[in-house]
Amino acid sequence: MELLSGLLSSLGLSGAAGLNAFIPLLLVGLLNRFGVMHLAQPYDLLGNTWVLVGVGVLGALDFVGDKIPGVDHVLHVVGGVVNAAAGAILFASHAGVADLPPALSMALGLMVAGGVHATRTVVRPVATATTAGLGNPVVSSVEDGTSLLLSVLAVFAPVLAVALLAVVVAVGYRMWSRLGGRRRAL
């Protein structure tokens, strides 16, 4: 059971990183720092004071910048690498229970976070175009809130996290399909 829980937790955390790289990194780092969870080396560095400060500062800048049309686009381009890397680290930090090779764990996390981030990047321009950018703060706040909820669930209720992740992917796919249908109709 611990094996399944570790894998589900890894999936949830890497999916959360696809929406916002900094929220799950900060949560896992703080939980490790305060002894709520134990991360093996080298992932225990997430609980280091300087790493937490750095992730917090970058997260705050990302939080504000993602609410501004134009700036959010630049952050999503850069986020393609940052979010996928965060997902890889988070998946590997929790998949140790499953005795997966670290390279495979990181590849799986990269794919999950990268896939969620790619879906987010495809869907976001629709909000920008249909609301002249005024909907971006709302969409960004929903993404951040979903990332936080996914992160908490991944740590404390991994089955629920994966269920929520499936809903997020399904909604993203549906929005992407609608966008594709509109493009063909034009």
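The values are calculated or read from the model by the stated rules, or taken from the named source; none is laboratory data. A quick note: this is a predicted structure, and the numbers were derived from the prediction, not measured. Reconstructed Cβ throughout: ideal geometry from the backbone, glycine too, with neighbour counts over all protein chains shown. Each accessible area value is taken on the protein alone, full model and side chains, heavy atoms only, with ligands, DNA and RNA left out. Shrake-Rupley method; radii C 1.70, N 1.55, O 1.52, S 1.80 Å.
Things worth noting here:
- Matching entry among 52, 46, 30, 7 (being buried (at least 17 other Cβ atoms within 10 Å of the Cβ), in a helix (DSSP H, G or I), over 15 Å from the mean Cα position of the chain (by Cα) and at pLDDT 95 or above): 52
- Hits in the stretch 122-134 - residues which are open to solvent by less than 50 Å² (accessible area, probe 1.4 Å) and touching a His at 6+ places or on another chain (Cβ under 9 Å): 124, 128
- Residue match in the stretch 111-120 (condition: at pLDDT 90 or above and surrounded by fewer than 17 Cβ atoms within 10 Å (Cβ to Cβ)): yes
- Filter result (more than 22 Å from residue 10 (Cα to Cα) and either in contact (Cβ under 8 Å) with a residue 60 or more places away in the chain or of a type in the set (D, E, K, R) (or both)) within the stretch 92-131: 124
- Residue match in the stretch 83-90 (condition: open to solvent by 50 Å² or more (accessible area, probe 1.4 Å) and under 22 Å from residue 111 (Cα atoms)): yes
- For the stretch 55-80, a tally of residues being modelled with pLDDT of 90 or more, under 20 Å from residue 113 (Cβ atoms) and open to solvent by 40 Å² or more (accessible area, probe 1.4 Å) returns 3.
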